[in-house]
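Just so it is clear, none of the values below were taken in a lab; they were calculated from the coordinates. This structure is a prediction, so every number in the text was calculated from the model and none was measured. Cβ placement follows ideal geometry from the backbone for every residue including glycine, while neighbour counts extend to all protein chains displayed.
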Amino acid sequence: MPAERLQKIIAAAGIASRRKAEELITAGLVSVNGHIVTELGTKADSSVDSIKVNGRPLGAAERHVYLLLNKPKGYVTTVTDPEGRPTVLDLVRGVKGRVYPVGRLDYLSEGLLLLTNDGELAQKLTHASSHVPKTYLVKISGKPDDAEVAKLRSGLFLPAELTPLKSPEALQKGRPARRRSKAVRTAPIRIKLVREAANPWYEITLIEGRNRQIRRMFEQIGHHVEKIKRVRYGPLELDVEPGKLRHLTSDEVKHLKSAVNSGTRGSRTQSSKASRSSKEPKQSRSS
């Protein structure tokens, strides 16, 4: 077997996600043939090298598990929570092997969440270049006018903000409790009115996934987001009850991987469509 990066081997064994595996390596918790390794570029061959994590031998690569969960409000999308709040893993029962959430849905958001022990796919899906479209139903306070909706559709500027740093490992190392995010401009999005009301519902499709992006975008045009529900993720659609989960079919896994691999091309198409739609005639309030 050819040598592979250590973080990829660890993720394939189901010990941790690729990103978490990198943290284990840099923290000095991984050894190869008795020698502590801290360089992320280090490679090994799991068929011949003795690899240990936290002093325990690394097992063989686990069979990959892919789950679709309907996350309810009131759960955090992490493995553990320093504040003792319930996590999405509390909803995963009767599943062999350990899985990890792919990306985030914040505490008050709900809907489609992927969980897997396939570290390589998880990393690709969460990487900024994946551009796999994600669709949300969003209820907001007050009705934005056409000009405000056009700003969202074409992309707008999000100022820097302080975000909590709640990782127990980070806090133990004495890092600041908050960190400042960078000011960014969002990519074009698809947005359409799906329910007319004093507090209307919109369907929004993003090709990126910045922290609290939808909430922050509406804040920039003066509207508070009341509810967020993710209903599609690439080729997948939400089709289970809140708090329930199911395994993906082999075809769904294949289509999901295909969506990741074609993400760059898809993002160009998405941006082009969103740009054109921003120039289309204003949508009537009854649409």
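Counting neighbouring beta carbons within 10 Å and listing from fewest to most, the residues Glu110, Glu219 come out as Glu219, Glu110. Using only the Cα atoms of the stretch 102-143, build the gyration tensor, take square roots of its eigenvalues as a ≥ b ≥ c, and label the shape rounded, prolate or oblate: rounded if a/c is under 1.5, else prolate if a/b is larger than b/c, else oblate. Cα axes put the stretch 102-143 in the prolate bin.
Taking only alpha carbon atoms, the stretch 4-57 gives an Rg to Rh ratio of 0.89, where Rh is the Kirkwood radius. Going through the cross-link list Lys143/Lys192; Lys73/Lys124; Lys8/Lys96, which pairs have a Cα-Cα distance over 19 Å in this structure? Pairs exceeding the cut-off: Lys73/Lys124; Lys8/Lys96. Annotation: extensible slack from Thr78 through Arg210 equals 45.9 nm (criterion: 0.36 nm per residue apart, minus Cα-Cα distance).
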